[in-house]
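Comments concern the structure below.
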Amino acid sequence: AMWSGLFTHLTESWNNFKGLDPDYVTWMDLMEKHGYHTQKYGKLDYTSGHHSVSNRVEAWTRDVDFLLRQEGRPMVNLTGDRKHVRVMEADWQNTDKAVNWIKEEAINLTQPFVLYLGLNLPHPYPSPYAGENFGSSTFLTSPYWLEKVTYEAIKIPKWSSLSEMHPVDYYSSYTKNCTGEFTKQEVRNIRAFYYAMCAETDAMLGEIISALRDTGLLKKTIVIFTADHGELAMEHRQFYKMSMYEGSSHVPLLVMGPGVKAQQQVPNVVSLVDIYPSMLEIARIPVPQNLSGYSLMPLLRGKAENKVSPRVPRPLWVLSEFHGCNVNSSVYMLRTGKWKYIAYSDGRSVLPQLFDLTADPDELTNVAVKFPVIVQSLDKILRSIVNYPEVSSSVQEYNKRQFISWKQSLGQNYSNVIANLRWHQDWLKEPKKYENAIDKWL
């Protein structure tokens, strides 16, 4: 969504394997075409064909009537000593590359530049004990970073009982290996280690800003810090992402630079699809008309939007959608004002959720039944943006098609391969039962 400027149902990037087709023109492609020097470092996995076999098969089989743990149980791991600063080596190497590029290349350029640095942190680390391609369920840090976290300030999230959970949440919690017992100390540790990993990420951002300052480029460079998803860190009895709860779907977006009003917090709901038109406006490049987002520049300049924006004014809602693994249904979220509306599948077979984020910031009470009129009006807006029952249906068809062609490509080897994916610990207890469930689905 960030690279294409389009909602997922338009690009049909249904899961981590099916990303953008190679012919999509990104904002970076356009900036290069208009004379910008472009440089990318680090994580760039938005095109089709990435991620493990497990990851795609889990997404394709989410409509199968079975429950299999697909991740390692979330855990913490402390490494090194108080002097161990560079825990995530690969990210630090990419940060160094970006810093050196700023100091050695950017400073000598005659044309403007755009630099992209993709970090893996604060994503949890792979857990080798969890099988093929591993789940990423280990929160890893060193004493150096952990000491920056105030344990007393960490809130232990409230959990609904398993029997009261929304069916999709239960599926997610189960596949993420979170339905077992966790002590308060375990939950607190996972959250503390996650915050420590955020602190390490923050230090990398600091290196980039320092390099820009040291070279005198900071005063003419706009810096944007954002993320592709959040981390539940044991909220709602889940870790990781793939959820419309705030911990997962509410991402950081920080901007500094010339023309950006300092120290302001913009209350508007905005989205990653807004990055594309914003980058083009910064670069004074004409913005294509088909984009799903709106430039953030009027908001960042601190002006009343309606005075400066020649385009249709920014809507009062944002849309998020998810069709991948760890969730057994397509999910659509509409945020507007204090309301968060979450619709599933065809809108009927799985009941929707409605949260009042002002009264219930922890999203513990689904008030959809209590406010039917609000549900109706939000559902109407949602359907005006995306025909979600139709999209859900085409994702289901896509999943089945992909699975069948994958199964056929394996021939005789199918049973062995499917038994040894990430879910092997559960699968191998009753392989016939799970194969039969797949056959029934097919």
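Using the structure shown, decide if Arg188 is within 29 Å of Tyr276 (Cα to Cα) and either more than 25 Å from the chain's Cα centre (by Cα) or open to solvent by 20 Å² or more (accessible area, probe 1.4 Å) (or both).
no
Take the conditions closer than 25 Å to Ala227 by Cα and hydrophobic (A, V, I, L, M, F, W, C) and apply them to Val64. Does it pass?
Details: closer than 25 Å to Ala227 by Cα: no; hydrophobic (A, V, I, L, M, F, W, C): yes.
In short, no.
Mind checking whether some residue in segment 39-62 is more than 23 Å from Cys325 (Cβ to Cβ) and either in contact with a Cys (Cβ under 9 Å, 6 or more places away or on another chain) or surrounded by fewer than 17 Cβ atoms within 10 Å (Cβ to Cβ) (or both)?
Yes: segment 39-62 contains one or more residues that are more than 23 Å from Cys325 (Cβ to Cβ) and either in contact with a Cys (Cβ under 9 Å, 6 or more places away or on another chain) or surrounded by fewer than 17 Cβ atoms within 10 Å (Cβ to Cβ) (or both).
Looking at (1) part of a loop (DSSP other than H, G, I, E, B); (2) more than 30 Å from Ile438 (Cα to Cα), which one does Trp101 not meet, given that it meets all the others?
Here Trp101 clears every test but (1).
If you take the residues in segment 191-215 that are acidic (Asp, Glu) and open to solvent by 40 Å² or more (accessible area, probe 1.4 Å), which one is nearest to Gln353 (Cα to Cα)?
Step one: list which residues in segment 191-215 are acidic (Asp, Glu), which gives 200, 202, 207, 214.
Applying the additional criterion that residues be open to solvent by 40 Å² or more (accessible area, probe 1.4 Å) yields 202, 207, 214.
On the way: Asp202: 34, Glu207: 42, Asp214: 49 Å.
Only one residue tops the list, namely Asp202.
Any residue in segment 222-234 that is buried (at least 22 other Cβ atoms within 10 Å of the Cβ) and under 20 Å from Arg335 (Cα atoms)?
yes
Mind listing just one residue for me: the one in segment 379-393 that is without any contact (Cβ under 8 Å) to a residue 40 or more places away in the chain and under 20 Å from Asp63 (Cβ atoms) and, of those, most open to solvent (accessible area, probe 1.4 Å)?
Selected residue: Glu390.
Can you name the residue in segment 395-416 that is within 13 Å of Glu12 (Cα to Cα) and in contact (Cβ under 8 Å) with a residue 24 or more places away in the chain and, of all such residues, is surrounded by the most Cβ atoms within 10 Å (Cβ to Cβ)?
Val395
Out of Leu78, Leu68, which single residue is touching a helix residue (DSSP H, G or I) at 6+ places or on another chain (Cβ under 6 Å) and either open to solvent by less than 40 Å² (accessible area, probe 1.4 Å) or farther than 30 Å from Ile107 by Cβ (or both)?
After applying the criteria, what remains is Leu68.
The values are calculated or read from the model by the stated rules, or taken from the named source; none is laboratory data. Since this is a predicted model, take the numbers as computed values, not measurements. Backbone-built Cβ (ideal geometry, glycine too); neighbour counts: all protein chains shown. For accessibility, only protein heavy atoms count, side chains too; no ligands or nucleic acids. Shrake-Rupley method; radii C 1.70, N 1.55, O 1.52, S 1.80 Å.
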